[in-house]
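The values are calculated or read from the model by the stated rules, or taken from the named source; none is laboratory data. Being a predicted model, the structure only gives us computed values, none of them experimental. For neighbour counting, all protein chains shown are included, and Cβ atoms are generated from backbone atoms with ideal geometry for every residue, glycine included.
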Amino acid sequence: MYVVVITDLKGNIELANKAFERTTGYNRKEALGKNTNMLKSGFQPPEVYSNLWRTID
């Protein structure tokens, strides 16, 4: 199953599926309304995230 997260234009989570919970460890209810920045692991340099956003934008 794939992780599906739907956000608003500012990156605030509006919907997430069950795979999101299994993959991230966050409960969907606790993630709703929070920005996707909460998912940064801290293990990757900022360039990785910049590249990711350019790719999916």
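Would you pick out the residues in the range 20-48 that are at pLDDT below 90 and small (Gly, Ala, Ser)?
Listed by number, the residues that qualify are GLY25, SER41, GLY42.
Go through (1) outside any loop (DSSP other than H, G, I, E, B); (2) small (Gly, Ala, Ser); (3) loosely packed, with under 12 Cβ neighbours inside 10 Å and name the single condition SER41 misses.
(1)
Tell me yes or no: at least one residue of the range 8-18 is on the phi < 0 side of the Ramachandran plot and in a helix (DSSP H, G or I).
At the first step, the residues of the range 8-18 found to be on the phi < 0 side of the Ramachandran plot are 8-10, 12-18.
Among the residues that remain, those that are also in a helix (DSSP H, G or I) are: 18.
Yes; the residues of the range 8-18 include at least one that is on the phi < 0 side of the Ramachandran plot and in a helix (DSSP H, G or I).
Against the definition (of a type outside the set (Val, Ile, Thr), surrounded by 10 or more Cβ atoms within 10 Å (Cβ to Cβ) and either in a strand (DSSP E or B) or touching a Phe, Trp or Tyr at 6+ places or on another chain (Cβ under 6 Å) (or both)), how does GLU21 come out, yes or no? Working first, answer last.
Values: of a type outside the set (Val, Ile, Thr): yes; surrounded by 10 or more Cβ atoms within 10 Å (Cβ to Cβ): yes; either in a strand (DSSP E or B) or touching a Phe, Trp or Tyr at 6+ places or on another chain (Cβ under 6 Å) (or both): no.
No.
So which residues in the range 1-27 are over 18 Å from SER41 (Cβ atoms), of a type in the set (D, E, K, R) and over 11 Å from the mean Cα position of the chain (by Cα)?
Across the range 1-27, the qualifying residues are ASP8, LYS10, LYS18.
So which of ASN12, ASN51 is at pLDDT 85 or above and polar (S, T, N, Q)?
On the way: ASN51 fails: at pLDDT 85 or above.
Residue meeting the stated conditions: ASN12.
Which condition number in (1) in contact with a Ser or Thr (Cβ under 7 Å, 6 or more places away or on another chain); (2) of a type in the set (S, T, N, Q); (3) modelled with pLDDT under 90 is the one that THR7 fails?
In the conditions (1) in contact with a Ser or Thr (Cβ under 7 Å, 6 or more places away or on another chain); (2) of a type in the set (S, T, N, Q); (3) modelled with pLDDT under 90, THR7 misses (3) alone.
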